[in-house]
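Here the structure comes first, spelled out in structure tokens, and everything after it is commentary.
The values are calculated or read from the model by the stated rules, or taken from the named source; none is laboratory data. Predicted, not measured: the structure shown is a model, and the values here were computed from it. Here the Cβ positions follow ideal geometry from the backbone for every residue, glycine too, while neighbour counts run over all protein chains shown. These area figures cover heavy atoms from the full protein model, side chains too; ligands, DNA and RNA do not enter into them. Shrake-Rupley method; radii C 1.70, N 1.55, O 1.52, S 1.80 Å.
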Amino acid sequence: MKICVGLSGGVDSSVAALLLKRQGYDVFAMFMQNWHDADATLHGDCEWEEDRFVAEMVARKIGIPFYFTDLSKEYRKRVVDYMFDEYSKGRTPNPDVLCNREIKFDAFLHAAEKLGADMVATGHYCRKEVLRDFKGNELVGADGKPVYRIIAGADPNKDQSYFLCQLTQEQLGKAMFPIGDLLKPEVRRLAREADLPSADKKDSQGICFVGKVDLPTFLQQKLSAKEGDIVEVYDAYFTANEQYNYMKKTISGLLPGGRESDILASIENLTDAELFKLSLPVRYSIDFETETYRSGKHHIKKTRYKENPFGKIIGRHCGAQFYTIGQRKGLNVGGHKDSLFVIATDIDRNIIYVGEGQAHKGLLRSCLRIDPEEIHWIRPDMAMSIGEIRRYRVRIRYRQPLQNAALIMRENGLFILFDDPQRGITSGQFAVWYDDNDEMLGSGVI
């Protein structure tokens, strides 16, 4: 079997190639360039050139052929342009998930197949298995082909299954993850023992294949900066807000505190319209009136905003599309005991709404919805039917501890109802669900 390893110049893909070579496979390496614009990175240099140099040295050290492919056009069209479009709508996409679905296991896979590859291997910390029955017999799907499972990586601190949440069975059939059973320290040890040039190379950070960037600067390549107000929202706003009070009242009657059967019965009784309303975030609209006053010994006439019990304008920003829910850095507003967090953005009015403290009411939600066309089952045989409710463990961002939740399938979408309110649920991000055996079953765009 001929295997192409996506060699990035990092230690993980290097050890993946090393292990496959030792296992006797016909292995070759290929480095992909997906980005050209050095002006977008914080360093302003061509990091990919250094990565390619290290990758080529690794391939030479292991003793495998090395190839190069330029996928920058596909990456810009299928990942970066999508990012710009989503941010312009006030949504926050995940480029790493898209890169795996659209580039590594699609465009890169096709390039590898042209060189004779049967499979593509990467340095992801996750595990792939074939579905088997209790006797160990391999099971097949409706198409007569093997059914593949994605299991979380053995290293809980490095599990990267989240980033593969949009892969299909066809893509999984061509994928290999050689280091999924290893811990990161073991990977470093193997690299050092083999004297690989990448053994002590730091893990990459930032946007996949772009590097570490200042996001507003990066986005301003296509999205114009425009000053707007930063509005702090006070608790009094929620006391008077109909949507917040609806969520609070509904959730209090559903979530754990009674028997599991009673909870499920209560959820089943919710109509599609009630669930839809429950999944909506609080919308903010605070009007500020001005008043004139005289200041100083010369009684100069000035204008100021009247005090408002619901909130206050506390600063200015460079464009609402450059901020995301839960963001703390980059607001540049002082004078508060606790940190300020973005709780909402209004792209049309160019307003950022913020709240003080991690437990601010505007940061917490218990329910989200995934549009029917955005629901993706890694295991199509596990797809839920309309009206079905299941208990799974869910995460809404990489590295977040798995959260207990009920998944509710309805005509108007898949609803995820968490046992505990979640901080910073963000539209455009991916919600991913796992069973109790760490198998990732599906995902969807929030």
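For the range 145-155, enumerate the residues that are farther than 23 Å from residue 183 by Cβ and open to solvent by less than 50 Å² (accessible area, probe 1.4 Å). Break it down into steps so the answer makes sense when it comes.
Narrowing the range 145-155 to residues farther than 23 Å from residue 183 by Cβ: 145-148.
Passing the criteria: 146, 147, 148.
Inside the range 313-339, residues that are over 26 Å from residue 421 (Cβ atoms), in a loop (DSSP other than H, G, I, E, B) and open to solvent by less than 40 Å² (accessible area, probe 1.4 Å) make up a count of 1. Looking at the range 154-192, which of the residues that are part of a loop (DSSP other than H, G, I, E, B) and among the aliphatic types (A, V, I, L, M) is farthest from residue 125 (Cα to Cα)? Filtering first and then ranking leaves 167. If the condition is being at pLDDT below 95 and either among the β-branched types (Val, Ile, Thr) or assigned to a loop (DSSP other than H, G, I, E, B) (or both), then the range 14-53 contributes 34, 35, 36, 37, 41, 42, 43, 44, 45, 46. Please tell me if residue 369 is open to solvent by 60 Å² or more (accessible area, probe 1.4 Å), touching a residue at least 24 places away in the same chain (Cβ under 8 Å), under 28 Å from residue 83 (Cα atoms) and outside any strand (DSSP E or B). It is false that residue 369 is open to solvent by 60 Å² or more (accessible area, probe 1.4 Å), touching a residue at least 24 places away in the same chain (Cβ under 8 Å), under 28 Å from residue 83 (Cα atoms) and outside any strand (DSSP E or B).
Within the range 107-122, the set of residues being among the aliphatic types (A, V, I, L, M), out of contact with any Pro (no Cβ under 8 Å at 6 or more places or on another chain) and open to solvent by less than 40 Å² (accessible area, probe 1.4 Å) comprises 107, 109, 111, 112, 117, 119, 120. Residue count for the range 123-135 under the criterion of being under 12 Å from residue 175 (Cβ atoms) and open to solvent by less than 10 Å² (accessible area, probe 1.4 Å): the result is 1.
For (1) open to solvent by 40 Å² or more (accessible area, probe 1.4 Å); (2) among the hydroxyl-bearing types (Ser, Thr, Tyr); (3) modelled with pLDDT under 95, each residue gets a yes or a no:
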site	(1), (2), (3)
230	no, no, no
251	no, no, yes
257	yes, no, yes
269	yes, no, yes
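Of the strands (runs of 3 or more DSSP E) lying entirely inside the range 384-446, those containing at least 2 residues that are over 14 Å from residue 161 (Cβ atoms) span 389-395, 403-410, 413-423, 439-445.
Being within 23 Å of the chain's Cα centre (by Cα) and modelled with pLDDT of 95 or more is the filter; apply it to the range 182-212 and report the residue that is least open to solvent (accessible area, probe 1.4 Å). Show your work before the answer.
Going residue by residue through the range 182-212, those that are within 23 Å of the chain's Cα centre (by Cα) are 183-184, 202-212.
Those still in the list that are modelled with pLDDT of 95 or more too: 183-184.
Working: 183: 70, 184: 24 Å².
Step by step, filter the range 182-212, then rank; the result is 184.
Based on this model, can you work out whether residue 438 counts as open to solvent by 30 Å² or more (accessible area, probe 1.4 Å), more than 15 Å from the chain's Cα centre (by Cα) and more than 22 Å from residue 262 (Cα to Cα)? Against the criterion (open to solvent by 30 Å² or more (accessible area, probe 1.4 Å), more than 15 Å from the chain's Cα centre (by Cα) and more than 22 Å from residue 262 (Cα to Cα)), residue 438 qualifies.
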